[in-house]
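Notes for the one structure printed next.
Any read-out appearing in this document is the output of simple, stated calculations on the displayed coordinates, not a laboratory observation. In this text the structure is predicted, and so the values were computed from the model without any measurement. So basically every Cβ, Gly included, is an ideal-geometry build from the backbone, and we count neighbours across all protein chains shown.
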Amino acid sequence: MSLRGRGVWAFAFLGFLQMLNGAACLGKVTRHDTVIMKNGDRLTGEVKRLEQGVLYIETDYFSGSVGVDWLQVEKVQSTATFQIVLNDGKRLTGTISKVEAESAPGKDFNVHAAGGDVPISGTDVVQIDSQKQTFWRQLKGSIDFGYNFTSGNNQSSLSTAAGADYVASQWAVGTSYNASFSGQSGGTTTNLFQVQAFGERFFNRNSYLLGLSDFLHSSQQDLNLRTTLGGGYGRYFLRTNQNELKWLIGVDYTRANYQSGLAQPTQQNVELLVGAGYQLFHFDRYTLRSQFLVFPGLSDFGRIRFTTNDTFSVKLSNNFHLDFSFWDNFDSRPPLNAQKNATGLSTSLGWTF
């Protein structure tokens, strides 16, 4: 199928997702949780989640979930069970309630857990997730499509990405992929395809163990497939309702298969893994996500690889968003005649579920 045809199907699929999202909004809420704002506004419905400083409530009288600033919330009362994450990394499970900060300084938020009530400050709460009854309802993720066409030189480009995470009280798993294709009539065609998967085991005090896998195909680097398997120890250096900063250190094994015409078509290496991730949130308007991983060679000492993936996401209505992304994959010692870098820029429209 041509790139233009792929773009038509991509946007048709996004239209289908919009129909599904609209249909979901027609359902009636089954709980009557109460949220009262500091200015006196009152919302009744289902408290869904708190993420990136925004508390989402689904009501019978709004289309979709309503997002409100968590720092402007005065009271909350809900009968549902939630998973709560604090800024020091502690994780709790139970029902929740919040009172005026003046009536209980430093203890205005209460988690009613199985072992008893846990009073804390509402400003220490960075994440609240509904505890769903099934695996599929607990999944969170996004789907993105981007397409560009220039008539002057008949050049087309298509980018797609998707990801899904499952987060439990003590662990999380997830997977993602991104792909890009570009071509010009009578010219060369380039493509990149990458799949990643991870598993995390959470500990107190914002630390975690991570296992990861990465599979990369890049025509720019004459790379048929690079497989990376590794793991390590990580820690959140900063975690608030406005931003997150974490680091990771570990080891990995990589095996790269290049085009058969190149010298050394297969390379293997044991590497040190050092990385950092940063996220910046601005109240239900935009998000900046940045990931940087460095792989200094151990068995091939002196060789260095790094990957980076950076996305600026602008939130639209009904769970849609507009993404501007940059990525780069670098290898200081590729086989002879292979390129060191595979770099790309993309703009895409996406939907979050």
* Asked: When the chain is treated as a GNM, springs tying every alpha-carbon pair under 10 Å, which of Lys98, Lys38, Lys340 comes out with the largest mean-square fluctuation?
  -> Lys38
* Asked: Rounded to the nearest 0.05, what FRET efficiency is calculated for Leu209 and Leu316 with R0 set to 30 Å and r the Cβ-Cβ distance?
  -> 0.25
* **Simple Cβ-charge dipole of the stretch 29-163, Lys/Arg +1 and Asp/Glu -1, about Cα centre, in debye nearest 20** => 360
* Considering only Ala179, Ser313, Gln52, whose Cα is most displaced toward the positive end of the charge dipole of the chain, charges sitting on Cβ of Lys, Arg (+1) and Asp, Glu (-1)? -> Ala179
* Structure fact -> Ranked on Cβ counts within 10 Å of their own Cβ, fewest leading, Thr123, Thr254, Thr134 go Thr134, Thr123, Thr254
* Assign unit charges at the C-beta atoms only (+1 for Lys and Arg, -1 for Asp and Glu), then state the dipole size of the chain relative to its Cα centre in Debye, rounded to the nearest 20. => 440
* Of the listed values (1) 32; (2) 24; (3) 37, grab the one calculated as percent of Cα pairs over 33 Å apart from the structure here. => (3)
* Inter-site label distance for Lys132 and Lys75 at 7 Å from Cα along Cβ, in nm -> 3.2
* What is the calculated FRET efficiency for Tyr286 to Asp60, with r their C-beta to C-beta distance and R₀ = 41 Å, to the nearest 0.05? -> 0.90
* To the nearest 0.05, how large is the calculated FRET efficiency for Arg333 and Leu139 if R₀ is 56 Å and r is the Cβ-Cβ distance? -> 0.90
* Structure fact -> With no solvent term and unit scatterers on the alpha-carbon positions of the stretch 170-301, Debye gives log₁₀ I(q)/I(0) at q = 0.15 Å⁻¹ of -0.87
* Given +1 on the Cβ of Lys and Arg, -1 on the Cβ of Asp and Glu, and no further charges, what dipole in debye does the stretch 107-253 carry about its Cα centre, rounded to the nearest 20? -> 180
* Distant-in-sequence amide H partners of Thr95 (H built 1.01 Å from N, under 5 Å) -> Phe82, His112
* Structure fact -> By Cβ neighbour count within 10 Å, fewest first, Phe320, Phe326 rank Phe326, Phe320
* Asked: With θ set to phi - 60° and the Karplus curve 6.51 cos²θ - 1.76 cosθ + 1.60, what are the ³J(HN,Hα) couplings of the stretch 78-84 in order, to the nearest whole Hz, using x for Gly and Pro?
  -> 9, 9, 7, 9, 10, 9, 10
* Return Leu158, Leu245, Leu229 ranked ascending by Cβ neighbour count within 10 Å, so the fewest neighbours appear first. => Leu229, Leu245, Leu158
* Report the local net charge at Val314: Lys and Arg +1, Asp and Glu -1, summed over other residues whose C-beta lies under 15 Å from its C-beta. => -1
* For the chain, what is the percent of antiparallel DSSP beta bridges, rounded to the nearest 5? -> 100
* Cα-based Rg of the stretch 33-131 per 2.2 N^0.38 Å, rounded to two decimals? -> 0.99
